[in-house]
Amino acid sequence: MAQATLTLTMPEQIWIQQVSTAHPEASFRVLAAVPGSDSGFALVRITGPDVAEVLDDMDEHPQITELTLAQWSDNEATVHFETTTPLLQFSSRESGMPIELPVEIRDGEATIEVTGSRERLAELAEQFERFGLQYRIEHVRERLHESQLLSERQLEVVVAAVEEGYYDTPRCCSLTELAGRLDIAKSTCSETLHRAEEAIVKRFVEDVPGVAEETDGLEEQLASD
(Lines give C-alpha, C1' and ligand atoms only; values in the text may rest on other atoms or scores of the structure.)
Protein backbone atom coordinates (compact mmCIF):
# COMPACT_ATOMS: atom_id res chain seq x y z
CA MET A 1 0.00 0.00 0.00
CA ALA A 2 1.00 3.59 -0.56
CA GLN A 3 1.30 6.02 2.33
CA ALA A 4 1.20 9.65 1.21
CA THR A 5 1.26 13.17 2.63
CA LEU A 6 -0.37 15.87 0.50
CA THR A 7 -0.89 19.60 0.83
CA LEU A 8 -4.19 20.90 -0.53
CA THR A 9 -5.13 24.46 -1.48
CA MET A 10 -8.81 25.13 -0.98
CA PRO A 11 -10.87 26.85 -3.71
CA GLU A 12 -11.46 30.55 -3.12
CA GLN A 13 -15.24 30.15 -3.02
CA ILE A 14 -15.14 27.74 -0.06
CA TRP A 15 -15.73 29.01 3.49
CA ILE A 16 -12.62 27.43 5.02
CA GLN A 17 -10.39 29.12 2.46
CA GLN A 18 -12.05 32.48 3.03
CA VAL A 19 -12.07 32.29 6.82
CA SER A 20 -8.59 30.78 7.23
CA THR A 21 -6.93 33.26 4.87
CA ALA A 22 -8.72 36.13 6.61
CA HIS A 23 -7.16 34.84 9.85
CA PRO A 24 -3.79 33.39 8.73
CA GLU A 25 -2.53 32.91 12.28
CA ALA A 26 -5.47 30.66 13.17
CA SER A 27 -5.13 26.88 13.00
CA PHE A 28 -8.10 24.60 12.26
CA ARG A 29 -7.58 21.04 13.51
CA VAL A 30 -10.27 18.64 12.26
CA LEU A 31 -10.77 16.06 15.01
CA ALA A 32 -13.71 14.15 13.52
CA ALA A 33 -15.73 14.35 10.31
CA VAL A 34 -18.74 12.60 8.82
CA PRO A 35 -20.10 13.22 5.30
CA GLY A 36 -23.83 13.33 4.69
CA SER A 37 -25.62 13.14 1.37
CA ASP A 38 -25.48 16.88 0.65
CA SER A 39 -23.51 18.23 3.60
CA GLY A 40 -20.84 17.29 6.10
CA PHE A 41 -20.42 17.42 9.86
CA ALA A 42 -17.14 18.04 11.66
CA LEU A 43 -15.63 18.64 15.06
CA VAL A 44 -12.84 21.21 14.82
CA ARG A 45 -10.45 22.76 17.33
CA ILE A 46 -9.52 26.34 16.45
CA THR A 47 -6.48 28.01 17.99
CA GLY A 48 -5.02 31.47 17.47
CA PRO A 49 -5.05 35.05 18.72
CA ASP A 50 -8.44 35.97 17.20
CA VAL A 51 -10.62 32.91 17.84
CA ALA A 52 -13.69 35.03 18.64
CA GLU A 53 -13.51 36.73 15.26
CA VAL A 54 -13.02 33.37 13.51
CA LEU A 55 -16.16 32.03 15.18
CA ASP A 56 -18.13 35.12 14.17
CA ASP A 57 -17.04 34.70 10.53
CA MET A 58 -17.99 31.02 10.57
CA ASP A 59 -21.37 31.72 12.16
CA GLU A 60 -22.16 34.36 9.54
CA HIS A 61 -20.99 32.36 6.52
CA PRO A 62 -23.86 30.96 4.38
CA GLN A 63 -22.01 27.66 3.83
CA ILE A 64 -22.09 26.95 7.59
CA THR A 65 -25.65 25.85 8.32
CA GLU A 66 -25.18 24.89 11.97
CA LEU A 67 -22.56 25.85 14.56
CA THR A 68 -22.36 24.65 18.16
CA LEU A 69 -19.67 25.74 20.59
CA ALA A 70 -18.37 22.77 22.58
CA GLN A 71 -15.44 24.38 24.40
CA TRP A 72 -14.07 27.90 24.68
CA SER A 73 -11.09 29.82 26.05
CA ASP A 74 -9.29 33.03 25.03
CA ASN A 75 -7.11 31.41 22.36
CA GLU A 76 -8.88 28.13 21.68
CA ALA A 77 -12.33 26.85 20.82
CA THR A 78 -13.80 23.50 19.82
CA VAL A 79 -16.88 23.61 17.61
CA HIS A 80 -19.24 21.16 15.95
CA PHE A 81 -20.68 22.39 12.68
CA GLU A 82 -22.46 21.42 9.49
CA THR A 83 -21.34 22.72 6.10
CA THR A 84 -22.71 22.42 2.59
CA THR A 85 -19.17 22.27 1.12
CA PRO A 86 -17.25 19.44 2.83
CA LEU A 87 -14.96 18.92 -0.15
CA LEU A 88 -12.42 16.76 1.67
CA GLN A 89 -15.14 14.47 2.97
CA PHE A 90 -16.81 14.20 -0.44
CA SER A 91 -13.46 13.48 -2.13
CA SER A 92 -12.68 10.77 0.41
CA ARG A 93 -16.12 9.19 0.10
CA GLU A 94 -16.18 9.17 -3.70
CA SER A 95 -12.66 7.74 -4.02
CA GLY A 96 -12.94 5.18 -1.21
CA MET A 97 -9.71 6.53 0.28
CA PRO A 98 -9.98 7.41 4.00
CA ILE A 99 -8.27 10.61 5.09
CA GLU A 100 -6.45 10.14 8.38
CA LEU A 101 -7.41 12.46 11.21
CA PRO A 102 -6.60 14.94 12.59
CA VAL A 103 -6.22 17.24 9.58
CA GLU A 104 -4.51 20.61 9.99
CA ILE A 105 -5.76 23.60 7.98
CA ARG A 106 -4.02 26.98 8.05
CA ASP A 107 -4.14 29.98 5.73
CA GLY A 108 -6.14 28.20 3.04
CA GLU A 109 -4.05 25.01 2.97
CA ALA A 110 -4.70 21.58 4.45
CA THR A 111 -2.12 18.90 5.14
CA ILE A 112 -3.53 15.37 4.89
CA GLU A 113 -2.22 11.83 5.19
CA VAL A 114 -3.73 8.83 3.44
CA THR A 115 -2.91 5.14 3.21
CA GLY A 116 -4.25 2.78 0.55
CA SER A 117 -3.62 1.32 -2.87
CA ARG A 118 -2.05 3.49 -5.55
CA GLU A 119 -5.23 3.05 -7.57
CA ARG A 120 -7.29 4.56 -4.74
CA LEU A 121 -4.76 7.35 -4.35
CA ALA A 122 -5.04 8.15 -8.04
CA GLU A 123 -8.84 8.17 -7.69
CA LEU A 124 -8.55 10.53 -4.74
CA ALA A 125 -6.45 12.88 -6.87
CA GLU A 126 -9.15 12.80 -9.55
CA GLN A 127 -11.79 13.72 -6.96
CA PHE A 128 -9.65 16.61 -5.74
CA GLU A 129 -9.51 17.94 -9.28
CA ARG A 130 -13.24 17.40 -9.69
CA PHE A 131 -13.97 19.54 -6.61
CA GLY A 132 -11.42 22.21 -7.56
CA LEU A 133 -8.83 21.29 -4.93
CA GLN A 134 -5.24 21.95 -5.96
CA TYR A 135 -2.73 19.57 -4.43
CA ARG A 136 0.95 18.79 -4.25
CA ILE A 137 2.55 15.56 -3.08
CA GLU A 138 4.91 16.08 -0.16
CA HIS A 139 5.83 12.46 0.48
CA VAL A 140 4.82 9.01 -0.71
CA ARG A 141 6.26 5.57 -0.01
CA GLU A 142 5.24 1.96 0.11
CA ARG A 143 3.99 0.98 3.55
CA LEU A 144 4.99 -2.52 4.62
CA HIS A 145 3.73 -4.43 7.60
CA GLU A 146 6.46 -5.28 10.08
CA SER A 147 6.10 -8.95 9.18
CA GLN A 148 7.11 -8.09 5.60
CA LEU A 149 10.22 -6.18 6.65
CA LEU A 150 12.24 -9.11 8.01
CA SER A 151 12.15 -12.82 7.30
CA GLU A 152 11.28 -15.14 10.17
CA ARG A 153 14.94 -16.14 10.49
CA GLN A 154 16.17 -12.53 10.40
CA LEU A 155 13.68 -11.58 13.10
CA GLU A 156 14.79 -14.50 15.25
CA VAL A 157 18.45 -13.50 15.00
CA VAL A 158 17.80 -9.80 15.65
CA VAL A 159 15.65 -10.54 18.70
CA ALA A 160 18.32 -12.88 20.05
CA ALA A 161 20.99 -10.24 19.46
CA VAL A 162 19.02 -7.67 21.43
CA GLU A 163 18.25 -10.09 24.26
CA GLU A 164 21.89 -11.23 24.55
CA GLY A 165 23.23 -7.67 24.60
CA TYR A 166 24.93 -7.71 21.18
CA TYR A 167 23.76 -4.14 20.55
CA ASP A 168 24.50 -2.86 24.05
CA THR A 169 27.25 -0.32 24.72
CA PRO A 170 29.59 -1.75 25.80
CA ARG A 171 28.72 -4.96 23.96
CA CYS A 172 27.75 -7.82 26.28
CA CYS A 173 27.81 -10.56 23.64
CA SER A 174 30.21 -11.11 20.75
CA LEU A 175 29.20 -12.29 17.30
CA THR A 176 30.86 -15.64 18.02
CA GLU A 177 28.89 -16.03 21.27
CA LEU A 178 25.65 -15.03 19.57
CA ALA A 179 26.18 -17.56 16.77
CA GLY A 180 26.92 -20.25 19.34
CA ARG A 181 23.75 -19.57 21.28
CA LEU A 182 21.76 -19.71 18.04
CA ASP A 183 23.64 -22.86 16.98
CA ILE A 184 24.56 -21.41 13.57
CA ALA A 185 27.84 -20.62 11.85
CA LYS A 186 29.42 -17.26 12.65
CA SER A 187 29.38 -16.32 8.97
CA THR A 188 25.67 -17.16 8.71
CA CYS A 189 24.92 -15.12 11.81
CA SER A 190 26.88 -12.15 10.45
CA GLU A 191 25.20 -12.27 7.03
CA THR A 192 21.70 -12.61 8.53
CA LEU A 193 22.27 -9.67 10.86
CA HIS A 194 23.67 -7.53 8.07
CA ARG A 195 20.66 -8.13 5.81
CA ALA A 196 18.25 -7.46 8.68
CA GLU A 197 20.11 -4.29 9.66
CA GLU A 198 20.04 -3.11 6.04
CA ALA A 199 16.25 -3.51 5.88
CA ILE A 200 15.72 -1.82 9.24
CA VAL A 201 17.99 1.15 8.49
CA LYS A 202 16.50 1.76 5.04
CA ARG A 203 13.00 1.62 6.50
CA PHE A 204 14.02 4.11 9.20
CA VAL A 205 15.44 6.54 6.63
CA GLU A 206 12.27 6.31 4.54
CA ASP A 207 10.26 7.38 7.58
CA VAL A 208 12.35 10.52 8.11
CA PRO A 209 10.43 13.50 6.61
CA GLY A 210 12.09 14.89 3.49
CA VAL A 211 14.45 11.92 3.06
CA ALA A 212 14.27 9.30 0.31
CA GLU A 213 10.89 10.47 -0.92
CA GLU A 214 9.50 8.33 -3.71
CA THR A 215 7.16 10.74 -5.46
CA ASP A 216 8.23 10.47 -9.09
CA GLY A 217 6.45 7.23 -9.85
CA LEU A 218 3.18 8.34 -8.31
CA GLU A 219 3.27 11.75 -9.98
CA GLU A 220 3.75 10.06 -13.36
CA GLN A 221 0.86 7.73 -12.63
CA LEU A 222 -1.44 10.57 -11.58
CA ALA A 223 -0.48 12.57 -14.66
CA SER A 224 -1.20 9.67 -16.99
CA ASP A 225 -4.55 8.66 -15.44
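The values are calculated or read from the model by the stated rules, or taken from the named source; none is laboratory data. In this text, all values refer to a predicted model and were calculated from it rather than measured experimentally. Cβ: placed from backbone, ideal geometry, glycine included. Neighbour counts: every protein chain shown. Just the protein is used for accessible areas: all its heavy atoms, side chains included, with ligands, DNA and RNA removed. Shrake-Rupley method; radii C 1.70, N 1.55, O 1.52, S 1.80 Å.
Do we have GLU156 as loosely packed, with under 12 Cβ neighbours inside 10 Å and assigned to a helix (DSSP H, G or I) here? The answer is no for GLU156. Counting only residues that are open to solvent by less than 70 Å² (accessible area, probe 1.4 Å) and either farther than 18 Å from GLU94 by Cα or part of a strand (DSSP E or B) (or both), the range 33-43 holds 5 of them. For the range 1-26, how many residues meet the condition of being closer than 15 Å to THR83 by Cα, of a type in the set (Val, Ile, Thr) and under 23 Å from the mean Cα position of the chain (by Cα)? Residues that pass the stated criteria total 1. The residues on offer are GLU129, GLU138, and the sole one that is surrounded by fewer than 19 Cβ atoms within 10 Å (Cβ to Cβ) and part of a strand (DSSP E or B) is GLU138. When THR78, THR85, THR111 are checked against the criterion of being in a strand (DSSP E or B), in contact (Cβ under 8 Å) with a residue 60 or more places away in the chain and among the β-branched types (Val, Ile, Thr), a single residue qualifies: THR111. Filtered by the rule that a residue be among the small types (Gly, Ala, Ser) and open to solvent by less than 40 Å² (accessible area, probe 1.4 Å), the range 1-32 gives ALA2, ALA4, SER20, ALA26, SER27.
Looking at the range 78-86, is at least one residue touching an Asp or Glu at 6+ places or on another chain (Cβ under 9 Å) and within 17 Å of THR7 (Cβ to Cβ)? Within the range 78-86 (the criterion being touching an Asp or Glu at 6+ places or on another chain (Cβ under 9 Å) and within 17 Å of THR7 (Cβ to Cβ)), the answer is no, since none of the residues qualifies.
When the range 57-75 is limited to residues that are modelled with pLDDT under 95 and either of a type in the set (D, E, K, R) or not in a strand (DSSP E or B) (or both), the one that is farthest from VAL19 (Cα to Cα) turns out to be ASP74.
Taking the range 59-88 as the range and being over 25 Å from ARG130 (Cα atoms), of a type in the set (A, V, I, L, M, F, W, C) and buried (at least 17 other Cβ atoms within 10 Å of the Cβ) as the test, the residues that pass are ALA77, VAL79. Kindly provide the set of residues from the range 88-108 that are more than 12 Å from the chain's Cα centre (by Cα), under 18 Å from SER20 (Cα atoms) and assigned to a loop (DSSP other than H, G, I, E, B), ordered by number. Within the range 88-108, ASP107, GLY108 qualify.
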